[in-house]
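Input: a single structure, listed below in structure tokens.
The values are calculated or read from the model by the stated rules, or taken from the named source; none is laboratory data. None of the values given here were measured: they were computed from a predicted structure. Cβ atoms come from the backbone with ideal geometry, glycine included; neighbour counts cover every protein chain shown.
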Amino acid sequence: MTQQIEVASCTQELVDLENEFGAHNYHPLDVVLERAEGIWVYDVEGRRYMDCLAAYSAVNQGHCHPKILKTLIEQAGKITLSSRAFRNDQLPLLCKELHELTGFEMVLPMNSGAEAVETALKAARKWGYKVKGIPEDKAEIIVCAGNFHGRTVTVVSLSSNEQYRDGFGPFTPGFKIIPYGDIEALRKAMTPNTCAFLVEPIQGEAGIVIPPAGYLHEAAEICSKQNALLMLDEIQSGLGRTGKLFAYMHEGITPDVLMIGKALAGGFYPVSAVLASKEILGVFRPGDHGSTFGGSPLGCAVARTALRVLIDEKMVERSAELGAYFLSQLQAIRSTAIKEVRGKGMWIGIELNSLARPYCEALKEEGILCKETHDRVIRIAPPLIITREEIDWAMVRLAKVLAK
């Protein structure tokens, strides 16, 4: 008989329950959240915090945006899931709106970011065999050291992070890892069997690592000359995070394949997508690929409103303007703890000379929630609706903690 467990109001009781009954594949701060609005989240004790992670950029539009919430509720009362065995009225509209927004000819919807990456990898390989003419099972995909594209077995196969790979072999072959931002390494790695170059315009999980100016532009030229696909993972960097709709727009290029997710549904529902030309996504035939929930009417309806909110409320422009202000304020802090502050738009990394975790814990006590990455970097990535006054509020606390 299932025993009903009364939800405790005490933070420590809930932490203990999760530690006892939940798998330990995360190391969260010991704050237990129960509600959120805008850039603020509230714990079970009633304390308020500024969210400077935005669920890894999934809530660019802010927590519980009322327009997206309204769509979720209305669509949930009509139809939530039909599977792709049948058609629904929301998927074609989302595909059309993504085409009008980005210019890409075709859309393949999925759920998580990792699924979008897996989809892109399959599309690239099949394109390589069916269109480019690479000999069967010889296709190569070039990736970069320090990448983060997800945690499936195939995706960790192309990771250079040993922890992501430890205990999960044997790994999927067919990937070449080169240094990030090194254009000559990309040029040398290309062969007639190269079907694609998969890269993040800015490496987020690596610590907000920005490649040299012109890197993506040159990469696009190399891929074009070698008849290889330039595939950009903008699951975290896209949809306004860097001050442009997509980070590749900073260099005036267009990739062959684009992966998007996270903020595509404003944090209300897992929706991702692969965007490309008809030549590339046209390699898929019925039965080649699929997803039970991918393209669901609920997910598509939510994504349509999330995109509309992002554009109509000028969140991309806000990211550019206020992100530059936030970055300049952080760079003005004088502290021996700081090695470097870097960023683009509302995506900032504070690299420290020591471990970042204690600083994140201290910031929690000041009412700011951040997450460390690669041990020594604090990421600053609040929802794009943050105001200048809220940035100033945060700066007082950030400066206080970093000065210590």
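Inspect all residues belonging to the stretch 174-185 and state whether any of them is in contact with an Asp or Glu (Cβ under 7 Å, 6 or more places away or on another chain), surrounded by fewer than 19 Cβ atoms within 10 Å (Cβ to Cβ) and among the charged types (D, E, K, R). Looking for residues that are in contact with an Asp or Glu (Cβ under 7 Å, 6 or more places away or on another chain), surrounded by fewer than 19 Cβ atoms within 10 Å (Cβ to Cβ) and among the charged types (D, E, K, R), one finds at least one in the stretch 174-185, hence yes. Would you check if there is a residue in the stretch 239-247 being over 18 Å from Gly62 (Cα atoms) and aliphatic (A, V, I, L, M)? Checked against the condition, which is being over 18 Å from Gly62 (Cα atoms) and aliphatic (A, V, I, L, M), the stretch 239-247 yields at least one hit. The strands (runs of 3 or more DSSP E) located wholly in the stretch 305-378 that include 3 or more residues which are touching a Lys or Arg at 6+ places or on another chain (Cβ under 9 Å) occupy 348-352, 371-373.
Gly167 falls short on exactly one of the conditions (1) at negative phi; (2) part of a loop (DSSP other than H, G, I, E, B), and that condition is (1). If you check Asn193, Asn227 for being touching an Asp or Glu at 6+ places or on another chain (Cβ under 9 Å), surrounded by fewer than 18 Cβ atoms within 10 Å (Cβ to Cβ) and either within 30 Å of Ile378 (Cβ to Cβ) or not assigned by TED's automatic domain parsing to the domain that holds Trp347 (or both), only one passes: Asn193. Every test in (1) hydrophobic (A, V, I, L, M, F, W, C); (2) assigned to a strand (DSSP E or B); (3) over 25 Å from Glu372 (Cα atoms) is passed by Leu216 save one, and that test is (2).
Here is a list: Glu105, Glu115. Which entry is surrounded by 17 or more Cβ atoms within 10 Å (Cβ to Cβ) and of a type in the set (Asp, Glu)?
On inspection, the qualifying residue turns out to be Glu115.
In this entry, Gly128 passes the filter for residues that are crowded, with 16+ Cβ neighbours inside 10 Å, among the small types (Gly, Ala, Ser), touching a residue at least 24 places away in the same chain (Cβ under 8 Å) and part of a helix (DSSP H, G or I).
Under 6 Å between Cβ atoms, at least 6 apart or on separate chains: pull out the pairs that start in the stretch 39-60 with a residue that is over 20 Å from Lys314 (Cα atoms) and end on any residue that is acidic (Asp, Glu). Filtered contacts from the stretch 39-60: Val41/Asp51; Val44/Glu34. For the residues Arg388, Arg397, the requirement of being of a type in the set (Lys, Arg), over 26 Å from Asn147 (Cα atoms) and in contact with a strand residue (DSSP E or B) (Cβ under 8 Å, 6 or more places away or on another chain) singles out Arg397. Reported count of residues in the stretch 255-281, each being acidic (Asp, Glu) and under 14 Å from Glu97 (Cα atoms), is 0. Close contacts from the stretch 107-122, counting a first residue that is closer than 17 Å to Ala196 by Cβ and a second that is among the charged types (D, E, K, R) and at pLDDT 95 or above, with Cβ to Cβ under 6 Å and a gap of 6+ residues or different chains, come to none at all.
Among the residues of the stretch 349-370 satisfying the criterion of being in contact (Cβ under 8 Å) with a residue 40 or more places away in the chain and surrounded by fewer than 17 Cβ atoms within 10 Å (Cβ to Cβ), which is nearest to Pro28 (Cα to Cα)? The qualifying residue nearest to Pro28 (Cα to Cα) is Glu361. A residue that is closer than 26 Å to Gln75 by Cα and buried (at least 24 other Cβ atoms within 10 Å of the Cβ) occurs somewhere in the stretch 277-294.
Selection over the stretch 365-396 of residues that are under 14 Å from Arg48 (Cα atoms) and either among the acidic types (Asp, Glu) or more than 23 Å from the chain's Cα centre (by Cα) (or both) gives a count of 6. Filtering the stretch 67-124 to residues that are of a type in the set (Gly, Ala, Ser) and more than 27 Å from Ile253 (Cα to Cα) leaves Ala76, Gly77, Ser82, Ser83, Ala85.
Please list, ordered by residue number, the strands (runs of 3 or more DSSP E) wholly in the stretch 18-114 having 1 or more residues that are closer than 25 Å to Val274 by Cα.
106-110
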